[in-house]
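The values are calculated or read from the model by the stated rules, or taken from the named source; none is laboratory data. Just so we're clear, the structure is a prediction, and the values are computed from it rather than from any experiment. Positions of Cβ are backbone-derived with ideal geometry, glycine not excepted, and every protein chain shown enters the neighbour counts. SASA here: full protein model, heavy atoms, side chains in, ligands and nucleic acids out. Shrake-Rupley method; radii C 1.70, N 1.55, O 1.52, S 1.80 Å.
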Amino acid sequence: MTGYLYQCELALLELARRSWEDASCAVRMEVLDDIEFLDPDGHTPLELIQSKHREAAGSLSEAGKDLWRSVASWIDALEALAAPSGAAMPLLRLVSTQVAPAGTFLSMLRPGALRDTRAALARMEEVAADKDGAEGTAKDRELFMALAPAQRQSLVDAITVDDGAPVMSDLNPSLAKELGITPSDHAQAALDDIKGWWYGMAVGLLERKNPQRKRPAVSAQELMCRRDEILDRYTTRNLPITETLSNLTQAEIAGYEGQLVVNQMRWIGLPDPEIAMHLREYHHARAQRSEWLRTFKITTERLGEYEQELHDEWEHVFRRRTRRFHGDMDASERESLGQDVLDDTMDRVADRPARPGSVTAPWIGRGTVHGLADQADTADPDRTVGWHPEYQDLCKPREETQDQ
């Protein structure tokens with residue numbers, strides 16, 4: 001079990017380490033290998049990693065399963081990789097918590113000035129050809145020797161042995177360093193939050209049957225964005241505002257005519273100038289949220305949480321304001337009640353930050369709630385927003401029209 005958890009956390013560590021140099025890199029797991037790093041197009045593996053965790057200190061064996069099963073796995077992966085695309089040889093890494101003894105071919109495959117792949121290959125061939133070698137690796141060694149000499153050399157040239165890796169219980173300091181978490185009173189809490197998010201991502205990477213959870217890969221940009229969101233809970237960094245809250249043109253306002261966001265305001269009798277004011281915030285908040293997502297300033301997960309928080313603020317207002325609503329109210333009373341719901345909601349959501357611990361421009365929250373109101377006929381019941389006390393009934397004709 002520890003080995004599987006180690007694989008997940010090693011993938012996080014490796015992704016964080018790469019993020020400083022290439023934010024476009026992405027990781028996936030259990031497709032061709034334990035861990036894979038992909039090129040910017042998200043399809044071609046640039047690196048395949050075998051993760052080997054052993055709690056007990058010890059030495060890597062030249063004839064052991066950790067090495068030879070990794071070699072067999074790489075041979076299978078390279079055959080699958082080359083068949084459709086003819087892709088170049090990826091880097092092949094064996095990451096082990098054990099140590100390669102001096103003089104073994106494993107030590108010759110470490111990165112650095114003493115690396116010697118030709119000598120390593122000669123010794124690997126000796127070990128692979130040994131008929132008295134460990135029975136548990138016989139088929140793997142035979143698979144290696146079945147390769148043509150040039151193929152064996154090419155394979156060994158791509159292998160790197162990273163031995164002496166920290167064990168599971170010692171990973172946190174390395175993770176904190178690569179994630180840019182500096183020592184503080186909240187360092188451990190921040191790291192725990194990031195790891196909690198990451199394990200959710202790992203489930204998506206490993207999921208095979210559920211299309212809603214399955215993820216092809218996770219990018220370094222996503223990781224850094226989530227890291228910033230989590231660290232911001234312990235700082236006061238704010239999301240950048242790149243939109244200017246300028247008045248909309250008449251053509252832009254006319255473009256919203258007939259949309260539910262406008263209909264909701266007409267149902268409560270708002271005059272056109274006030275509708276234009278609200279549309280201005282809706283329009284620019286939508287553009288700002290899109291920019292945050294595009295530039296990885298916020299994740300879709302956090303944006304969904306933010307919208308849920310705004311919905312909760314609206315619900316408090318709506319339930320309280322409509323508590324005494326009854327069917328005998330005339331149209332003007334219903335409109336007045338709806339205007340109170342709108343006004344109170346706008347006041348409540350203005351100070352709700354898009355990221356905890358930060359400050360968000362008031363029009364972002366107000367505009368985002370209008371975005372929820374624009375989806376009141378299609379959203380899940382626990383995400384609908386409306387102003388008129390009977391907004392749900394008023395939305396139904398549109399729903400029925402869409403269903404036809």
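Observations on the model:
- Over the stretch 106-182, the Kirkwood radius and the radius of gyration, each from Cα atoms, give a ratio Rg/Rh of 1.14.
- Structure note, pairs Lys52/Lys195; Lys214/Lys396; Lys214/Lys297; Lys52/Lys209; Lys65/Lys131: Cα-Cα distances above 25 angstrom occur for Lys214/Lys396; Lys52/Lys209.
- Taking all protein chains together and rolling a 1.4 Å probe, Glu315 ends up with roughly 60 Å² accessible.
- Only Lys, Arg (+1) and Asp, Glu (-1) charged, at Cβ; the chain dipole about Cα centre in debye: 880
- Spatial offset of the stretch 288-328 relative to the stretch 18-93 amounts to 43 Å, using the alpha carbon center of each.
- Take the Cβ atoms of Asp328 and Val359, set R0 to 45 Å, and the FRET efficiency comes out at 0.50.
- With the simple spin-label model, which puts each label point 7 Å out from Cα in the Cβ direction, the Ala350 to Asp132 separation comes to 8.6 nm.
- Whole-percent carbon and sulfur share, accessible surface of the stretch 79-155, 1.4 Å: 56
- Across Met108, Met329, Met29, mean-square fluctuation computed from a Gaussian network of the chain (C-alpha pairs under 10 Å connected) peaks at Met329.
- For the stretch 244-265 and the stretch 152-226, distance of Cα centres in Å: 44
- Each 10 Å bin, from zero up to the one with the longest distance, holds this percent of the alpha carbon pairs of the stretch 234-386: 11, 40, 35, 12, 2, 0.
- The accessible surface of the stretch 242-346, taken with every protein chain in place and a 1.4 Å probe, is 47 percent carbon and sulfur.
- Debye log10 I(q)/I(0) for the stretch 187-292, one point scatterer per Cα, at q = 0.11, 0.15, 0.21 Å⁻¹: -0.62, -0.83, -1.02
- Between Ala254 and Ser290, the C-beta separation translates, for a Förster distance of 25 Å, into a calculated FRET efficiency of about 0.70.
- In this structure the amide hydrogen of Arg54, modeled in the peptide plane, comes within under 5 Å of the amide hydrogens of Thr97, Gln98, none closer than 5 places in sequence on its chain.
- At the residue level, Glu207 shows approximately 50 square angstrom of accessible surface with a 1.4 angstrom probe and all protein chains present.
- Taking the convex hull of Cα positions in the stretch 243-315, its mean projected area over all directions (nm²): 5.8
- Rounded accessible area per residue of the chain, 1.4 Å, Å²: 49
- Largest GNM mean-square fluctuation across Lys139, Lys65, Lys131, computed for the chain with C-alpha springs under 10 Å, falls on Lys131.
- Residues considered: Gly255, Gly269, Gly64. Largest GNM mean-square fluctuation over the chain, using C-alpha springs under 10 Å, is found at Gly255.
- Beta bridges per DSSP with both ends in the chain, % antiparallel, nearest 5: 50
- Computed on the Cα trace of the stretch 16-85, the radius of gyration divided by the Kirkwood hydrodynamic radius gives Rg/Rh = 1.04.
- Sorting Thr44, Thr345 on solvent-accessible area from highest to lowest, probe radius 1.4 Å, gives Thr44, Thr345.
- For the set Trp267, Trp198, the ranking by accessible area, highest first and with no ligand, DNA or RNA atoms included, is Trp267, Trp198 under a 1.4 Å probe.
- Ellipticity estimate at 222 nm from DSSP helix runs (n ≥ 4, -39,500 (n - 2.57)) divided over the chain, nearest 500: -17000 deg cm²/dmol
- Heavy-atom accessible area with a 1.4 Å probe sorts Trp363, Trp20, Trp74, largest first, into Trp20, Trp363, Trp74.
- Net charge of the neighbourhood of Ala220, taken over other residues with C-beta under 12 Å away and scored Lys/Arg +1, Asp/Glu -1, is -1.
- When every Cα-Cα distance of the chain is counted in 20 angstrom steps from zero, the calculated P(r) takes the values 22, 40, 24, 13, 1 percent.
- Remark: C-alpha extents of the stretch 30-148 on the principal axes read 42, 30, 29 Å, sorted largest to smallest.
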